[in-house]
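**Student:** Have a look at the structure that comes next, please.
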Amino acid sequence: MIPYEYYVALSGLLMVLGLVGIIVRRNLIAMLLSTELMLNAVNIAFVAFDMKVGDVSGQVFVFFILTIAAAEAAVGLGLIMAIYRLKKDVNTNTITELKL
Amino acid sequence: MEQQLTVWAFYTFSALAVLSAFGVVFFKNIIYAVLSLISTLIMVSGLFFAMGAELIGGLQILIYAVAIVVFYVLVISTVPEFKGNSVDPAYMLVSLPIGFILFLELAYVSIYGAWQSNVGLFTNEVVKEVGNIKAVSTLLFTKYLFPFEVASLILLVAMIGAIVIGRKSHVIDEEEAK
């Protein structure tokens, strides 16, 4: 049996990869993809702690995270479409309206 | 035999998941990044099955790897190819130490953190008797019924919001009305 620490370490690695992706990528869609990676890392951690504690509450929360991820993808991609229609670009370096 | 299978499943799925996650972060072509994301999601689903969470593993494939990724593919098909650099080298230098420190912190907290190891209602024996799906759905429709309803409301609001934000005509209509 794999100890739960291994799963938690994998979850931390995926979380860090998602964060690095959000920092380094310049494409808005790629940044949204990296947030999906981070959400998945949280899901793995929830289920791993479930396995350790011997409960299923974490899996219920993973269910809610799946729901919210669907809502987040819909709204985020709608915003990206609106930004693209306005600016004809999805590069974060060109979206600087709020800069003084 | 079964134990050995779980060990092999963990190493295979986690290695492939991390490899595909690198692909999501570093592929320049966004289509390759989305395909890597599908790969990561399916591998994570396999990890859920290995951990004994069958319901979540199935939902992961049904909702994430099918429904959400289709959103991305539709939007990518309307946005033309990305021109600029995929990765900013200056930010790359900043992100690596930050990521490493965050990883150490996550590992430290989750392994040496003060754990109140309380045992929940659904211990291994109970789950083995009633099955994972029944255990999860029992909790979902009794203790977490109100959050479940709120989640459905959030989905409805997000759907309406996405339609209103993404609609093309209303921007043009307002321009013409002026």
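The values are calculated or read from the model by the stated rules, or taken from the named source; none is laboratory data. Just so we're clear, the structure is a prediction, and the values are computed from it rather than from any experiment. A quick note on method: Cβ atoms are made from the backbone with ideal geometry, for glycine too, and the neighbour counts reach across all protein chains shown. Heavy atoms of the whole protein, side chains included, go into the accessibility calculation; ligands, DNA and RNA do not. Shrake-Rupley method; radii C 1.70, N 1.55, O 1.52, S 1.80 Å.
**Student:** Taking a ≥ b ≥ c as the square roots of the eigenvalues of the Cα gyration tensor of chain B, is the shape rounded (a/c under 1.5), prolate (a/b larger than b/c) or oblate?
**Tutor:** oblate
**Student:** Rounded to the nearest 100 Å², what is the sum over both chains of accessible area buried where A meets B, with a probe of 1.4 Å?
**Tutor:** 6900 Å²
**Student:** Let me ask something else about it. Across chain A, where is the longest run that never hits trypsin sites (Lys or Arg not before Pro) in a DSSP loop with at most 12 other C-beta atoms within 10 Å?
**Tutor:** A:1-87
**Student:** Please give every one of the lysines within straight-line cross-link reach of residue A:99, meaning a C-alpha to C-alpha distance under 17 Å, and leave out same-chain neighbours fewer than 8 residues apart.
**Tutor:** Within the straight-line limit of under 17 Å, residue A:99 reaches these lysines: A:87.
**Student:** Quantify how much of the Cα-Cα distance distribution of the protein assembly as shown extends past 34 Å, in percent.
**Tutor:** So the pairs more than 34 Å apart make up 25 percent of the total in the protein assembly as shown.
**Student:** How far is helix A:28-53 tilted off the main Cα axis of chain A, in degrees rounded to 10, range 0 to 90?
**Tutor:** 10 degrees
**Student:** Using alpha carbon centroids, what distance separates the stretch A:1-36 and the stretch B:1-33, in Å?
**Tutor:** Using only Cα atoms to place each centre, the spacing works out to 12 Å.
**Student:** Which one of A:47, B:85, B:71 has its Cα pushed farthest toward the positive end of the charge dipole of the protein assembly as shown, where Lys and Arg give +1 and Asp and Glu give -1 at the Cβ?
**Tutor:** B:85
**Student:** May I pose another question? Could you check which residue among A:31, A:81, A:15 shows the biggest mean-square fluctuation in a GNM of chain A with a 10 Å Cα cutoff?
**Tutor:** So, out of A:31, A:81, A:15, the one fluctuating most is A:81.
**Student:** Given contacts defined as C-alpha pairs under 8 Å and at least six residues apart, what's the relative contact order of chain B, whole-number percent?
**Tutor:** 16 percent
**Student:** Rounding to the nearest 10 and keeping the result within 0 to 90°, find how far the Cα-based axis of helix B:30-51 lies from the longest principal axis of chain B.
**Tutor:** The helix B:30-51 is inclined about 20 degrees to chain B.
**Student:** Please compute the average number of Cβ atoms from other chains found within 10 Å of each residue's Cβ in peptide B:127-134.
**Tutor:** 1
**Student:** Using a Gaussian network model on chain B with a 10 Å cutoff between Cα atoms, which of B:18, B:66, B:157 fluctuates the most?
**Tutor:** Per the Cα network of chain B with a 10 Å cutoff, B:157 tops the list.
**Student:** Just how many % of Cα pairs in the stretch A:4-87 lie over 18 Å apart, if you round to the nearest whole percent?
**Tutor:** Pairs farther apart than 18 Å: 52 percent.
**Student:** How tilted is helix B:145-166 with respect to the longest principal axis of chain B? Cα atoms for both, answer in degrees (0 to 90, nearest 10).
**Tutor:** So the inclination is approximately 20 degrees.
**Student:** Quick one: grab the alpha carbon gyration tensor of the stretch B:1-85, order the square roots of its eigenvalues as a ≥ b ≥ c, and give me rounded if a/c is under 1.5, else prolate or oblate depending on whether a/b is larger than b/c.
**Tutor:** The shape class here is oblate.
**Student:** Under 11 Å from the 7 Å Cα→Cβ point of residue B:31, by amide nitrogen: which residues of the stretch B:51-77?
**Tutor:** Answer for this model: B:77.
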